[in-house]
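Data first, discussion second: the structure below is written as structure tokens.
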């Protein structure tokens, strides 16, 4: 698999995480299975979104537009 693009590897990892989540959901009697299901399904969606953005050559990180911090006025500090 070293020849596959990174987005494709992320897509396969997303599928794997979703299958692990379904496995945890279907486990009978395991108290941790619900939280494990949520964690793995979240990872699956995150990887899927990242793979989609990488495939379409869209930026995956956002920069702050306003990077200059201003000091609050006295009215803003005290709610006047």
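The values are calculated or read from the model by the stated rules, or taken from the named source; none is laboratory data. This structure is a prediction, so every number in the text was calculated from the model and none was measured. Virtual Cβ from ideal backbone geometry, glycine too; neighbours counted across all protein chains shown.
Below are the figures for this structure:
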quantity	calculated
Elements of type helices (runs of 4 or more DSSP H) contained in the chain, each with 3 or more residues being surrounded by 11 or more Cβ atoms within 10 Å (Cβ to Cβ), at pLDDT 90 or above and in contact with a helix residue (DSSP H, G or I) (Cβ under 6 Å, 6 or more places away or on another chain)	6-26, 33-55
Close pairs (9 angstrom Cβ cut-off, 6 or more residues apart or separate chains): within 14 Å of residue 12 (Cβ to Cβ) in region 40-58, in a loop (DSSP other than H, G, I, E, B) anywhere	50/60; 52/58; 54/5; 54/60; 55/5
Single residue of 14, 35 found to be more than 19 Å from residue 60 (Cβ to Cβ) and within 20 Å of the chain's Cα centre (by Cα)	35
